[in-house]
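Asker: Input: one structure, supplied below.
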């Protein structure tokens, strides 16, 4: 009988039903679109934010003597649990050298590093690692070094030595000399402008530290730190540690990398990690807030439509009450109606929202988006939530209808 | 000795400052057909609504079928209406999008379990076996009123209330409806309270009470 009442009620009032359906579908569509792109936006923004620079620093552990790390361990970074989150890394070997060019001499820091090194790791996809990948904001006037005797020089040092691309700098360390061809002048806005950068192997040879490195900068996609992420892993239970290890906090990724680099200590570069985390958290909050506002607007629209419909149906409700319907039975009819509409609205809303998310992603990020499966139940639940929230006031009004007043004469 | 199905004492109903029903003491024996007469605004519908559990009195006591209606909650009154009372309205008040048989089943649904065969049988009893699938808009006034009667009796009520049930019908349809009610009452043995301002309709009852400005002014027993 309930089915007959609902079916006939729908067929008899298609316009009112359509308005409620439309409100619910729009709410579910906006929720689907926003939540769909929220995850994707976080990912895309996290990738964009990697241009801020590395967020993990690996240095020799003081416990191990604070000497050097081994270059041969570097490929292992691409084999760790969080390898797909590591977007790039580059090693450094620092030394103090005497630079001379055009009659000018100066003591300064020579840095050996990878610029764009093709890395082949058995069982893993080949990748290119080096400064070019993790410090895209470096501006090089000229070009990047390609040969062992080529180098780039920081803009401030270049100015003092009065060198330009094409010139040479003689680099001397404890009596060993290396002639380096300057192929670029680099501007970074930081301390790097005081250094000279040459291929790692060249500087290792100059410093007589073959196979050794001073530090590694790692750039990794991470999730914003929360209270749990900030806990000290040493105080965690086994389950907590497992959860922490399997969440891409900057601390857990750092720990992961540290494990494969013998004698290393990994530290998050907090100013980068915190800024990223705060930005992503704000972005997610904005998306969530927009979703809640959209659902609230839909619920209001549903409530308004149902209120109008309720006024039209008050004789019917009064009659049901007069023939003995109690509050539960009246509620079952109206909530049942709204829930059926909300299932249909949720399905249509999901399909619309999926398309909307695609349009937004293509417009804003220039890339397509694939909706995760969990969005479908989320759309249905959103539709239910809108339907229930929008039904509260109309249902309350229905339950307050007095048959005597409505059915009079 | 027949027991009383309705007992009121000092039953009063006020709407703000207006006293629609002044204290009334009334006893209705089980199985009686009581007609309630009076002009518009005399309080007869108010009395019927109170007795049927559709409204609450302002003062006095009201027992119907042994139930103290003043003590019942909203849902308690709803239960009382579906289990004890059948109501026939002047305006029929049928659900427009349901067929005749579905309108009858609606009362069954709120009472217990809808039984289409039983609902059909009730409509056949009121002479509408050929109009089962018609919606109210496709029925004449007399036919709609008969659907309303079928709906009122489907749950075998102890008390049948009629609020000007023939008020919108022509003479022929009025006689048809009243004869039908008489037959049904003989079969079902329910008590009838019929509000009317038509003397001819009132005469179908066992007793008539007259209300004037909310006061019971006179009663008259009909000759059988």
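The values are calculated or read from the model by the stated rules, or taken from the named source; none is laboratory data. This is a predicted model, so every value here is computed, not measured. Please note: Cβ atoms are built from the backbone with ideal geometry, for glycine as well, and neighbour counts cover all protein chains shown.
The rows are residues; the columns are (1) under 18 Å from the mean Cα position of the chain (by Cα); (2) facing chain A (nearest Cβ under 9 Å).
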site: B:65; (1), (2): yes, no
site: B:98; (1), (2): no, yes
site: B:106; (1), (2): yes, yes
site: B:110; (1), (2): yes, yes
site: B:118; (1), (2): no, no
site: B:127; (1), (2): no, no
site: B:150; (1), (2): yes, no
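Asker: Could you list all residues from segment B:63-76 that are surrounded by fewer than 21 Cβ atoms within 10 Å (Cβ to Cβ) and at negative phi? Give the derivation first.
Answerer: Within segment B:63-76, the subset surrounded by fewer than 21 Cβ atoms within 10 Å (Cβ to Cβ) is B:63, B:65-68, B:70-76.
Answer for segment B:63-76, where residues must be surrounded by fewer than 21 Cβ atoms within 10 Å (Cβ to Cβ) and at negative phi: B:63, B:67, B:68, B:70, B:71, B:72, B:73, B:74, B:75, B:76.
Asker: Another question about this same structure. Of all the residues that make up segment A:252-264, how many are within 25 Å of residue A:284 (Cβ to Cβ) and either part of a loop (DSSP other than H, G, I, E, B) or in contact with a helix residue (DSSP H, G or I) (Cβ under 8 Å, 6 or more places away or on another chain) (or both)? First the steps, then the outcome.
Answerer: In the first step, residues of segment A:252-264 are kept if they are within 25 Å of residue A:284 (Cβ to Cβ); the result is A:252-256.
Retained after the next criterion (residues that are either part of a loop (DSSP other than H, G, I, E, B) or in contact with a helix residue (DSSP H, G or I) (Cβ under 8 Å, 6 or more places away or on another chain) (or both)): A:252-253, A:255-256.
Qualifying residue count for the region: 4.
Asker: Kindly indicate whether residue A:76 is buried (at least 17 other Cβ atoms within 10 Å of the Cβ), farther than 30 Å from residue A:325 by Cβ and either modelled with pLDDT under 85 or more than 14 Å from every other protein chain (Cβ to nearest Cβ) (or both).
Answerer: On the way: buried (at least 17 other Cβ atoms within 10 Å of the Cβ): no; farther than 30 Å from residue A:325 by Cβ: yes; either modelled with pLDDT under 85 or more than 14 Å from every other protein chain (Cβ to nearest Cβ) (or both): yes.
Against the criterion (buried (at least 17 other Cβ atoms within 10 Å of the Cβ), farther than 30 Å from residue A:325 by Cβ and either modelled with pLDDT under 85 or more than 14 Å from every other protein chain (Cβ to nearest Cβ) (or both)), residue A:76 does not qualify.
Asker: Does residue A:266 satisfy the condition of being surrounded by fewer than 17 Cβ atoms within 10 Å (Cβ to Cβ), at pLDDT 85 or above and more than 17 Å from the chain's Cα centre (by Cα)?
Answerer: Considered against the rule, which asks whether it is surrounded by fewer than 17 Cβ atoms within 10 Å (Cβ to Cβ), at pLDDT 85 or above and more than 17 Å from the chain's Cα centre (by Cα), residue A:266 comes out as no.
Asker: I need every pair where a residue in segment A:270-291 that is part of a helix (DSSP H, G or I) has its Cβ under 9 Å from the Cβ of a residue that is surrounded by fewer than 17 Cβ atoms within 10 Å (Cβ to Cβ) and at pLDDT 75 or above, sequence separation at least 6 or different chains.
Answerer: A:277/A:226; A:281/A:226
Residues checked against (1) within 14 Å of another protein chain (Cβ to nearest Cβ); (2) surrounded by 18 or more Cβ atoms within 10 Å (Cβ to Cβ); (3) modelled with pLDDT of 90 or more; (4) more than 23 Å from residue A:244 (Cα to Cα):
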{"position": "A:7", "(1), (2), (3), (4)": "yes, no, no, yes"}
{"position": "A:35", "(1), (2), (3), (4)": "no, yes, no, yes"}
{"position": "A:40", "(1), (2), (3), (4)": "no, yes, no, no"}
{"position": "A:82", "(1), (2), (3), (4)": "no, yes, no, no"}
{"position": "A:93", "(1), (2), (3), (4)": "no, yes, yes, yes"}
{"position": "A:96", "(1), (2), (3), (4)": "no, no, yes, yes"}
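Asker: I would also like to ask the following. Report whether or not residue A:102 is surrounded by fewer than 17 Cβ atoms within 10 Å (Cβ to Cβ), more than 27 Å from the chain's Cα centre (by Cα) and more than 30 Å from residue A:221 (Cβ to Cβ). Explain how you work it out, then say what you get.
Answerer: Numbers: surrounded by fewer than 17 Cβ atoms within 10 Å (Cβ to Cβ): yes; more than 27 Å from the chain's Cα centre (by Cα): yes; more than 30 Å from residue A:221 (Cβ to Cβ): yes.
Spelling it out, residue A:102 is indeed surrounded by fewer than 17 Cβ atoms within 10 Å (Cβ to Cβ), more than 27 Å from the chain's Cα centre (by Cα) and more than 30 Å from residue A:221 (Cβ to Cβ).
Asker: State yes or no: is residue B:125 on the phi < 0 side of the Ramachandran plot and modelled with pLDDT of 90 or more? Give the derivation first.
Answerer: Numbers: on the phi < 0 side of the Ramachandran plot: yes; modelled with pLDDT of 90 or more: no.
No.
Asker: Looking at segment B:134-156, which of its residues are under 27 Å from residue B:170 (Cβ atoms) and part of a loop (DSSP other than H, G, I, E, B)? Explain how you work it out, then say what you get.
Answerer: Taking segment B:134-156 first, the residues under 27 Å from residue B:170 (Cβ atoms) are B:134-154.
Across segment B:134-156, the qualifying residues are B:134, B:135, B:139, B:140, B:154.
Asker: Sticking with this structure for a sec: I'd like the full set of residues that are over 23 Å from residue B:3 (Cα atoms), more than 14 Å from chain A (Cβ to nearest Cβ) and buried (at least 22 other Cβ atoms within 10 Å of the Cβ), limited to segment B:27-60.
Answerer: Selection gives B:37, B:38.
Asker: Residues in segment A:243-251: is at least one surrounded by 13 or more Cβ atoms within 10 Å (Cβ to Cβ), in contact with a helix residue (DSSP H, G or I) (Cβ under 8 Å, 6 or more places away or on another chain), in a strand (DSSP E or B) and in the same structural domain as residue A:199 (by TED's automatic domain parsing)?
Answerer: Scanning segment A:243-251, I find no residue that is surrounded by 13 or more Cβ atoms within 10 Å (Cβ to Cβ), in contact with a helix residue (DSSP H, G or I) (Cβ under 8 Å, 6 or more places away or on another chain), in a strand (DSSP E or B) and in the same structural domain as residue A:199 (by TED's automatic domain parsing), so the answer is no.
Asker: Which of the residues belonging to segment A:165-181 are over 16 Å from residue A:97 (Cα atoms) and either at pLDDT 95 or above or surrounded by 15 or more Cβ atoms within 10 Å (Cβ to Cβ) (or both)?
Answerer: Scanning segment A:165-181 gives A:165, A:167.
Asker: While we're looking at this one, here's another question. Kindly indicate whether any position in segment B:133-147 is crowded, with 19+ Cβ neighbours inside 10 Å and facing chain A (nearest Cβ under 9 Å).
Answerer: No: zero hits.
Asker: Criterion first (farther than 22 Å from residue B:5 by Cβ, modelled with pLDDT under 90 and either within 14 Å of chain A (Cβ to nearest Cβ) or surrounded by 23 or more Cβ atoms within 10 Å (Cβ to Cβ) (or both)) does residue B:197 satisfy it?
Answerer: Details: farther than 22 Å from residue B:5 by Cβ: yes; modelled with pLDDT under 90: yes; either within 14 Å of chain A (Cβ to nearest Cβ) or surrounded by 23 or more Cβ atoms within 10 Å (Cβ to Cβ) (or both): yes.
When the stated conditions are applied, residue B:197 passes them.
Quick grid of which residues meet (1) modelled with pLDDT of 85 or more; (2) assigned by TED's automatic domain parsing to the domain that holds residue A:339; (3) surrounded by 20 or more Cβ atoms within 10 Å (Cβ to Cβ):
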{"site": "A:369", "(1), (2), (3)": "no, yes, yes"}
{"site": "A:374", "(1), (2), (3)": "no, yes, no"}
{"site": "A:377", "(1), (2), (3)": "yes, yes, no"}
{"site": "A:380", "(1), (2), (3)": "yes, yes, no"}
{"site": "A:384", "(1), (2), (3)": "yes, yes, no"}
{"site": "A:389", "(1), (2), (3)": "yes, yes, no"}
{"site": "A:392", "(1), (2), (3)": "yes, yes, no"}
{"site": "A:397", "(1), (2), (3)": "yes, yes, no"}
{"site": "A:402", "(1), (2), (3)": "yes, yes, no"}
